[in-house]
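The values are calculated or read from the model by the stated rules, or taken from the named source; none is laboratory data. Predicted, not measured: the structure shown is a model, and the values here were computed from it. Neighbour counts run over all protein chains shown; Cβ positions are idealised from the backbone, glycine included.
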Amino acid sequence: MKGRLLPLAIPAFFAFAAVGGVQKAPYDVGPVLEPRLFAEGIVSTEDDEAGGTFSPDGTEFYFSKVIQSTTFPRLGLLCVSRFRGRRWTEPEVLPFSGSYLDLLPQFAPDGKTLYFTSSRPVPGSESRTLRIFRVSRMGDRWAEPEPLPPPVNAEGSLNWGPSVTGNGTLYFASTREGGQSHLFRSCCTGGTFGEAEKLGPEVNSEFNERDPYVSPDETILIFASSGKNLGDEDRRETLKGGGVLYARADLYVSTGERGIWSKARHLEHGINSVAEEGAPCLTPDGKYLFFTSERSPFTVPEPHRLEAGEIHRMLHSTLNGHGNIFFVSRAALDLPEGEGR
């Protein structure tokens, strides 16, 4: 990965495929009926990648690389890969990232503001915690990131995983009610966020909910949910296996209108696995679901004894148990057509 990025330069030419005179987004590869790695060797690598969001025209993919360490907060870098000359470019670090734990970037639908999670310090507060930030994009440059004010970033709690609708309503995860994380929404009026409203029992459970993605029209909500602690009960549908003891998240979907949501449904079609899944996002045209997964060939016990050469290859492969970016066609969500635009 390259060093810090200079002011963003928009490429003058992108090679898109065109079918019947209609230009396709560069990620559009036709039907993908089972989860597939995205840009393997460039975006999805043997490193730990998480989250993801496309620019409105689909030519830039923003995600985070997380440094494997035992410190807290860890180091996470917000990166961008651009589609140039029929391929995705090597990721570069955004100019305002590279010093703290930065995670889960999500564009507002108009592409003018990037929301993300960060452990970076905030003036007037000594607490080291996760907060929601936003940064404006001005042509080929970025402004300085700013934390969202209360009531979104409630002091004394973790607040993360922002996603914004077309009218500015913010969905996010928070521990403001105690140790568990749940999903909240805050409506924006005149540029000011209102009180955070906890979503109902159709979405929030007795367990943990996080990483919400809400469609621009606020008709689709996709999120991650996991159990509480080591060995505790999970949601009934949670996939188990592979020596799983600690809580690992699966992805759920709910449909609704103006914040009234249906009972959340566990995603099928191979989207969920016995590994951790999270950070869901629909592409700008709504054709694909992108998400993070830590799936790997490792299991406990292994079906056969591993030799040194074999485990070396597995540890240094893309599917080594670190996070990667996967995608699958919208059809795998079993959603009504027309929603989510």
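In table form, for the structure just shown:
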| read-out | value |
| --- | --- |
| In region 109-139, residue farthest from Val152 (Cα to Cα) [restricted to those that are among the aliphatic types (A, V, I, L, M) and assigned to a loop (DSSP other than H, G, I, E, B)] | Val122 |
| Matching entry among Thr165, Thr219, Thr189 (being among the hydroxyl-bearing types (Ser, Thr, Tyr) and surrounded by fewer than 20 Cβ atoms within 10 Å (Cβ to Cβ)) | Thr189 |
| Considering residues of region 78-131 that are of a type in the set (Asp, Glu) and out of contact with any Leu (no Cβ under 7 Å at 6 or more places or on another chain) only, the residue surrounded by the most Cβ atoms within 10 Å (Cβ to Cβ) | Glu90 |
| Number of positions in region 95-108 that are of a type outside the set (D, E, K, R), at negative phi and not in a loop (DSSP other than H, G, I, E, B) | 5 |
| Residue in region 240-253 that is modelled with the highest pLDDT, counting only those that are under 20 Å from the mean Cα position of the chain (by Cα) and either surrounded by fewer than 20 Cβ atoms within 10 Å (Cβ to Cβ) or assigned to a loop (DSSP other than H, G, I, E, B) (or both) | Ala249 |
| Identity of the residue in region 190-223, over 20 Å from Glu276 (Cβ atoms) and outside any loop (DSSP other than H, G, I, E, B), that ends up modelled with the lowest pLDDT | Thr192 |
| Evaluation of Pro162 against (1) outside any loop (DSSP other than H, G, I, E, B); (2) more than 15 Å from the chain's Cα centre (by Cα) (one fails), failing number | (2) |
| Matching residues, region 287-322, being modelled with pLDDT under 95 and small (Gly, Ala, Ser) | Ser296, Ala308, Gly309, Ser317, Gly321 |
| Positions within region 148-159 being part of a loop (DSSP other than H, G, I, E, B) and either at pLDDT 95 or above or not acidic (Asp, Glu) (or both), in sequence order | Leu148, Pro149, Pro150, Pro151, Val152, Asn153, Ala154, Gly156, Ser157, Leu158 |
| Subset tally (residues that are in contact (Cβ under 8 Å) with a residue 60 or more places away in the chain, surrounded by 19 or more Cβ atoms within 10 Å (Cβ to Cβ) and either more than 16 Å from Thr89 (Cα to Cα) or more than 12 Å from the chain's Cα centre (by Cα) (or both)) for region 46-62 | 4 |
| Given (1) surrounded by 14 or more Cβ atoms within 10 Å (Cβ to Cβ); (2) assigned to a loop (DSSP other than H, G, I, E, B), number of the condition Gly178 does not satisfy | (1) |
| Among (1) surrounded by 15 or more Cβ atoms within 10 Å (Cβ to Cβ); (2) more than 16 Å from the chain's Cα centre (by Cα); (3) of a type in the set (Asp, Glu), the one test that Glu34 misses | (1) |
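Rundown of residues vs (1) outside any loop (DSSP other than H, G, I, E, B); (2) closer than 23 Å to Ser181 by Cα; (3) aliphatic (A, V, I, L, M), yes/no style:
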residue	(1), (2), (3)
Thr255	yes, yes, no
Ile271	no, yes, yes
Ala279	yes, yes, yes
Thr292	yes, yes, no
His304	no, no, no
Met314	yes, no, yes
Gly321	no, no, no
Phe327	yes, no, no
